[in-house]
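Below: the structure, in structure tokens.
The values are calculated or read from the model by the stated rules, or taken from the named source; none is laboratory data. Source: prediction; values computed, not measured. Every residue, glycine as well, gets a Cβ built from its backbone with ideal geometry; the counts of neighbours run over all protein chains shown.
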Amino acid sequence: MEFLDFNSIIEKQLLSLSENSGLGVDQLSFLFCSFVAYPLAVVYSLLPPNRNLKHIYGLVIGLWFSWTCFKWQTLHSFGSAAGAYLIVNIFEPKQAAKFTYIWMMGYLTVSHIYRMYDDYMGYTLDFTGPQMLLTLKMTTFALDYYDGQSSEEKMKPYAKIMHIKKIPTILEFFGYVYFFPGFLAGPAFNIREYLEYIDGTMFKAAPHQKMPSPLIPFIKSFGTALICSVFVVLNMSYGIKTTLEPAFFAKSFIERILLLWFASCLARFPYYFAWKLSEAGSVLSGIGFSGMKNGVPTWERATNAHIVSLELAQNFKDVTDSWNIRTDKWLKHYIYERVSVAPVALTFLNSAVWHGFYPGYYYSFMTASFIIQIARVIRRNIRPWFLESDGVTPKSTKTFYDIASVFVTSFTLNYIMAPFVLLGAVEGWRLWGSVYFAGHVGAAVVYVIAAFLIRPPKSPKKTT
């Protein structure tokens, strides 16, 4: 009862703050849990080396966060995770991996459909966010266990690092499910990473085999989150929704292009903000530690976005390597590398279904699949002209190629992803139409030039 009274006081304070600040209770609940996670993560890192104590502590805090943000919707994460655990215990590993994928993606699909029914075109934070992360965690859990039943000689490189040989105990499992530093906004760690963190194996390479000080990396992550918060505020006034207003359509073509680019760019900052807040908590707990490099600790495990690398990306590989990194690893190692037919298209389709069923997602992801195929041709036929005959050493003109690549990639990315943020079919189509489908037309024209009018320079014949 005392706990319920305590939570009731928190809810009243959040409601009062919501009325005065203009932020939703859902957003304030997320911020409250994100900030409270910091001192709790410090306590976590100082707990005695008792595995059960650590599992219980992380589990209880994670459940509290879930209840604070989602109330009885917490049953969704608990029930779906319990179903996945049951499947892996009942079926043989190969079948369990398939059934777990079907179960979790099916559950997420129904959840997304319900969200569209309950809050169509809305941005309220509900259980579907953690459910998306849980889908990654449960499918990787089942596949990591399946991989672990093979000999290491047959495993792919990533599987050698992430496989597990045995099914964890129920306490280990639910401690992993509700591990609080990453429960609300990720990243979605593999279960082997979590278990190695708990038993201290993760820190074997560190000095004295103990967790290095996380203070400096925490300050960097939290400081980056604060910087991103400025752009989050800008997004509220100048975000992608402004492209639906009559004033936008009254502007010139060039102005519409520039505003689309700017507004779509701003739309990424709420994600950056949430991920960096979560990353800071993971760093403080210690699970953000990713090993030693040249004798210096690195803290990349919890990083979900490399902001500068993405915003200055020269190609779409740089984009996918820098955005939603843990989800990209899931798509690459658990989807792309495991399907034999049309892997690029199926990977993008899987990503779209994972996000939900708004038409804007499919506009964006299917266009991205098309653009990536074109980009490969461009890179193969045009880029070699800016390299010496060895195919590696850049010519003096490559600087211009690199600068042009940054601008083209940035425009294309923001053009492609605008419907993703707008969600609706009419809204996305109307916005693209307002700039005369410039991204599609431009990509098609460049493809024709690169594929049919330009051939890469011939390499000099080697002599013996």
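Here are some notes:
- Selection within segment 104-124: residues that are surrounded by fewer than 20 Cβ atoms within 10 Å (Cβ to Cβ) and among the hydrophobic types (A, V, I, L, M, F, W, C). The member of this set that is modelled with the lowest pLDDT is Met121.
- Qualifying residue in segment 351-361 (condition: touching a His at 6+ places or on another chain (Cβ under 8 Å), outside any helix (DSSP H, G or I) and of a type in the set (Gly, Ala, Ser)): yes
- For segment 180-234, the tally of residues that are out of contact with any Leu (no Cβ under 8 Å at 6 or more places or on another chain) and of a type in the set (A, V, I, L, M, F, W, C) stands at 19.
- Selection within segment 1-43: residues that are aromatic (Phe, Trp, Tyr) and modelled with pLDDT of 80 or more. The member of this set that is surrounded by the most Cβ atoms within 10 Å (Cβ to Cβ) is Phe30.
- Here is the figure for segment 46-87: residues that are surrounded by fewer than 16 Cβ atoms within 10 Å (Cβ to Cβ), assigned to a helix (DSSP H, G or I) and of a type in the set (S, T, N, Q) total 1.
- Which numbered condition His208 fails, given (1) in contact (Cβ under 8 Å) with a residue 40 or more places away in the chain; (2) out of contact with any helix residue (DSSP H, G or I) (no Cβ under 7 Å at 6 or more places or on another chain): (1)
- Candidates are the residues of segment 242-269 that are over 17 Å from Ser410 (Cα atoms) and free of Cβ contacts under 8 Å to residues at least 40 places away in the same chain; the one that is surrounded by the fewest Cβ atoms within 10 Å (Cβ to Cβ) is Pro246.
- Residue within segment 88-99 that is in a helix (DSSP H, G or I), under 26 Å from the mean Cα position of the chain (by Cα) and of a type in the set (Lys, Arg) present: yes
- Which numbered condition Phe218 misses (of (1) within 30 Å of Phe420 (Cβ to Cβ); (2) touching a residue at least 60 places away in the same chain (Cβ under 8 Å); (3) within 21 Å of the chain's Cα centre (by Cα); (4) part of a helix (DSSP H, G or I)): (1)
- Matching residues in segment 292-311 - criterion: being farther than 24 Å from Tyr197 by Cα and surrounded by fewer than 16 Cβ atoms within 10 Å (Cβ to Cβ): Val308, Ser309
The rows are residues; the columns are (1) among the basic types (Lys, Arg); (2) touching a Ser or Thr at 6+ places or on another chain (Cβ under 8 Å).
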site	(1), (2)
Leu244	no, no
Lys251	yes, no
Leu258	no, no
Ser278	no, yes
Ser282	no, no
Ser285	no, yes
Lys293	yes, no
Val296	no, no
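- Residue within segment 171-189 that is closer than 29 Å to Leu63 by Cβ, surrounded by fewer than 19 Cβ atoms within 10 Å (Cβ to Cβ), assigned by TED's automatic domain parsing to the domain that holds Leu40 and not charged (D, E, K, R) present: yes
- Hits in segment 356-382 (condition: of a type in the set (Lys, Arg) and touching a residue at least 24 places away in the same chain (Cβ under 8 Å)): Arg379, Arg380
- If you go through segment 389-401 and keep only what is in a helix (DSSP H, G or I) and either surrounded by fewer than 14 Cβ atoms within 10 Å (Cβ to Cβ) or not assigned by TED's automatic domain parsing to the domain that holds Lys317 (or both), you end up with Thr399, Phe400.
- Restricting attention to segment 151-179, the residues that are more than 23 Å from Lys210 (Cα to Cα) and not in a loop (DSSP other than H, G, I, E, B) add up to 12.
- Counting only residues that are assigned to a loop (DSSP other than H, G, I, E, B) and within 12 Å of Ala81 (Cβ to Cβ), segment 180-208 holds 1 of them.
- Considering (1) on the phi > 0 side of the Ramachandran plot; (2) at pLDDT 95 or above, the lone condition that Ile287 does not fulfil carries the number (1).
- Restricting attention to segment 405-440, the residues being β-branched (Val, Ile, Thr), in a helix (DSSP H, G or I) and under 20 Å from Gly360 (Cβ atoms) number 4.
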